[in-house]
Structure formats: C-alpha cells, structure tokens
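Encoded as structure tokens, the structure appears first; notes follow it.
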Amino acid sequence: MNQAIGNSNNMQQCSTKLIIESMFPKNMEQMKSPSGLATVTGPCGDTVEFFIKIEGKRIVRACFQTSGCGVTRACGSVATQLAEGKGLWEAFNMEPGMIISALDGVPDDHEHCATLCITALRCALIDYVKIYGWGQLDG
Ligand code: FES
C-alpha cells in the first residue's frame, strides 16, 4: 500500500480520501486538442502534464497525467475537479492548500506534490493566454 501512495514515511498521515483518490484518480488521461497544456517537473524529478479546455473564459474540462507518486495522482485528480467550471483568473489563483484540504491532508513530506499540480495548472493557463492574450484572465 505504501507504494500506491508514494514512498511517504508517514502513512498514518494518509486520509481515507487521499488513499481512495490515489487509487482511483479522476481525469487522469490525455486530452486531444487542449486549449492549453503544460508539462512541469518538480524538484523530486517527477512530472505532471496538465491539459485544459477553455470555452467562454471558463475551464470546461481539465485532465492530467503524471509519472509521479500516488499523492500526486490524488492531487492531480482533485486539481482537475476543482479547476473545472472556474473562470481563468479564479483557476490561476488556486493554491496547493486547496488541494490538501480537499484530501483531508497529505503527508508533510508530500506537500510538494500538490504544489507541482498547481504549478502545472498555472503553466497550462499561461500557455493559453500567451496565445489568446492576457485579457483572457479577466472576469
Ligand atoms: Fe514526486 Fe510526488 S514525490 S510527485
């Protein structure tokens, strides 16, 4: 089970939500023709690829893939679910703590996995506004 969550030394810090989301992540797939996409490698050496589909200045679909640990699978799953339906600026301002709270916490030594997912989301948004203009972030 430790391997499913990652190599955390603090398994007792893994909530039921974290374990379930790690085992059954949602939106963990590639997206064809995304509006924005980004691939980000974290300090741990693992990578998150984030895809967003935007219509009317809203994220209507978000997906991710990762080479990372189980905590990252759970964080990516929650990040995509939280991002869908949000306006672009609102999504850009999402924080790692929002993911951690939604999972009822993650082990201290894996908080960077939530940061990696949020960074990938922000970079996917930047990928979009670089093409369509920073005004897309308004309202
Ligand atoms: Fe590298 Fe989680 S430990 S992404």
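Somewhere in the range 67-81, is a residue within 13 Å of the ligand (Cβ to nearest atom) and either part of a strand (DSSP E or B) or on the phi > 0 side of the Ramachandran plot (or both)?
no
Does residue 119 count as within 14 Å of the ligand (Cβ to nearest atom) and among the polar types (S, T, N, Q)? Give the derivation first.
On the way: within 14 Å of the ligand (Cβ to nearest atom): yes; among the polar types (S, T, N, Q): yes.
Yes; evaluated as a whole, the condition is true for this residue.
From 114, 74, 124, which residue is among the small types (Gly, Ala, Ser), surrounded by 15 or more Cβ atoms within 10 Å (Cβ to Cβ) and farther than 27 Å from residue 14 by Cβ?
Unique residue meeting the criteria: 124.
Test residue 48 against the criterion of being under 27 Å from residue 13 (Cβ atoms), within 12 Å of the ligand (Cβ to nearest atom) and not in a helix (DSSP H, G or I), and give yes or no. Outline the logic, then answer.
Details: under 27 Å from residue 13 (Cβ atoms): yes; within 12 Å of the ligand (Cβ to nearest atom): yes; not in a helix (DSSP H, G or I): yes.
For residue 48, the condition - under 27 Å from residue 13 (Cβ atoms), within 12 Å of the ligand (Cβ to nearest atom) and not in a helix (DSSP H, G or I) - is met.
If we scan the range 88-100, do we find a residue that is touching a Ser or Thr at 6+ places or on another chain (Cβ under 8 Å), of a type outside the set (A, V, I, L, M, F, W, C), within 16 Å of the ligand (Cβ to nearest atom) and under 29 Å from residue 16 (Cα atoms)?
yes
Can you run down the residue pairs with Cβ atoms below 7 Å, 6 or more apart or on separate chains, where the first is in the range 41-64 and on the phi > 0 side of the Ramachandran plot and the partner is modelled with pLDDT of 95 or more and buried (at least 21 other Cβ atoms within 10 Å of the Cβ)?
57/88
Assess whether residue 135 counts as being assigned to a loop (DSSP other than H, G, I, E, B) and over 14 Å from residue 26 (Cα atoms).
Details: assigned to a loop (DSSP other than H, G, I, E, B): no; over 14 Å from residue 26 (Cα atoms): yes.
In short, no.
Restricting attention to the range 89-111, report how many residues are surrounded by 24 or more Cβ atoms within 10 Å (Cβ to Cβ) and assigned to a helix (DSSP H, G or I). Spell out the reasoning first.
Keep residues of the range 89-111 that are surrounded by 24 or more Cβ atoms within 10 Å (Cβ to Cβ), which gives 91, 99, 106, 110.
Of the ones still in play, those that are also assigned to a helix (DSSP H, G or I) are 91, 99, 110.
Selection size over the range 89-111: 3.
The values are calculated or read from the model by the stated rules, or taken from the named source; none is laboratory data. What you are looking at is a predicted structure, and each value in this text was computed from that prediction instead of being measured. Glycine also receives a Cβ, built like all others from the backbone with ideal geometry; neighbour counts cover every protein chain displayed.
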